[in-house]
1. Keeping to the stretch 108-135, report how many residues are surrounded by 24 or more Cβ atoms within 10 Å (Cβ to Cβ) and either touching a Lys or Arg at 6+ places or on another chain (Cβ under 9 Å) or over 21 Å from Cys35 (Cβ atoms) (or both).
2. Considering only the stretch 1-13, state which residues are outside any loop (DSSP other than H, G, I, E, B), touching a residue at least 60 places away in the same chain (Cβ under 8 Å), out of contact with any Asp or Glu (no Cβ under 8 Å at 6 or more places or on another chain) and surrounded by fewer than 19 Cβ atoms within 10 Å (Cβ to Cβ).
3. Are any residues in the stretch 109-141 part of a strand (DSSP E or B) and modelled with pLDDT of 95 or more, and if so, which ones?
4. For residues in the stretch 76-90 being of a type in the set (Ser, Thr, Tyr) and in a strand (DSSP E or B), which is nearest to Leu114 (Cα to Cα)?
5. Which residues, counting only those in the stretch 91-101, are β-branched (Val, Ile, Thr) and part of a helix (DSSP H, G or I)?
6. Kindly provide the set of residues from the stretch 83-97 that are hydrophobic (A, V, I, L, M, F, W, C), touching a residue at least 12 places away in the same chain (Cβ under 8 Å) and out of contact with any helix residue (DSSP H, G or I) (no Cβ under 7 Å at 6 or more places or on another chain), ordered by number.
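The values are calculated or read from the model by the stated rules, or taken from the named source; none is laboratory data. Note that the coordinates shown come from a computational prediction; the quantities given were computed from them, not determined experimentally. Because the Cβ atoms are built from the backbone with ideal geometry, glycine has one as well, and the counts that use them run over all protein chains shown.
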Amino acid sequence: MLVEKLMKDVFVDFIRENLQKDERIMIIDADLAKCIGSYPLEKEFPDRALNVGISEQNMASVAAGLASYGFIPFITSFGPFATRRICDQIMISICYARQNVKIVGTDPGISAELNGGTHMALEDIGVLRSIPHIVIYEPTDNVEFAAMLPQIRDHVGPVYIRMFRKCPPPVYKEDEKGFDLFKAKVYKEGKDVSLIASGLMVSTAIEAAGLLEKEGISAEVIVCPTIKPIDAATVIASAKKTRAVVTCENHNVMGALRSAVAEVLSEECPTVLQSVGVKEQFGEVGKINYLRKVFHMEAADIVAAAKKAITQKI
């Protein structure tokens, strides 16, 4: 079943299928193909599944060159190596040159777990979001990811995919339809507070909404997988209804979902805003449940933020 797969396997299955039917598709890694699961593709498609070695900047530049000849390259590495290490190449060779490169950064935020603070990308969206012409997408679960990958392939322009490698908590049923790369989804309607969540924090926000419901608080849950461009219309519609918003993200609260939502609200619909995410801290070694406690990213933290936002309503 799709919901039981590792997310990296959903990605590799998609790439394999597209390598078979579209000669423009390529996948390039920087010596982490075994971690990401794409290693077998190097033997199956030796001309279009490449390993450039531990040379991430070169990987980005090679991809930009290939894109200029009509290829559609997907480049893969751990999140910090796929963003901050190659930021200049993303800026100049890919985005400034408007090349059709898809960038996959794995183990976002606290999902880096035992790799620790050096490998824990809590700033990757913030690093890239100010660069023009890039789409930033963080999968919610396998069902959504499988539906979005063809849209990412067909979108002409650079895309950053912030991909969890393991099996994510399921959010959608396998027969769920209507996914749009540029639209947020109203997962649950509510009237008292809006919980706007991305990535691994979506299932946590849903859990928090259930806890709030038990206390008589009606929480709307908005799933916002594409951080840039953010679906402003859905954010505004929910904020106008509830007049209190909580963002929930597996990232530094500066630069990513909270910042995108705050920008929309401040310009279009001034609203009380609280946030759950990492606040002015570096990552550290630990399993994910421990890290959720350390960085105050549990359902109880969302509940507390929601109650605070409600009390701040004008």
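1. 7
2. Glu4
3. If the condition is that a residue be part of a strand (DSSP E or B) and modelled with pLDDT of 95 or more, then Val135, Ile136, Tyr137 are the ones that fit.
4. So, considering only residues that are of a type in the set (Ser, Thr, Tyr) and in a strand (DSSP E or B), the one nearest to Leu114 (Cα to Cα) is Ser77.
5. Ile92, Ile94
6. Hits for the stretch 83-97 are Met91, Cys95.
Matching residues to (1) assigned by TED's automatic domain parsing to the domain that holds Glu138; (2) touching a residue at least 12 places away in the same chain (Cβ under 8 Å); (3) in a strand (DSSP E or B); (4) more than 18 Å from Arg153 (Cα to Cα):
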residue	(1), (2), (3), (4)
Met26	yes, yes, yes, no
Cys35	yes, yes, no, yes
Pro46	yes, no, no, yes
Gln57	yes, yes, no, yes
Ser61	yes, yes, no, yes
Phe74	yes, yes, yes, no
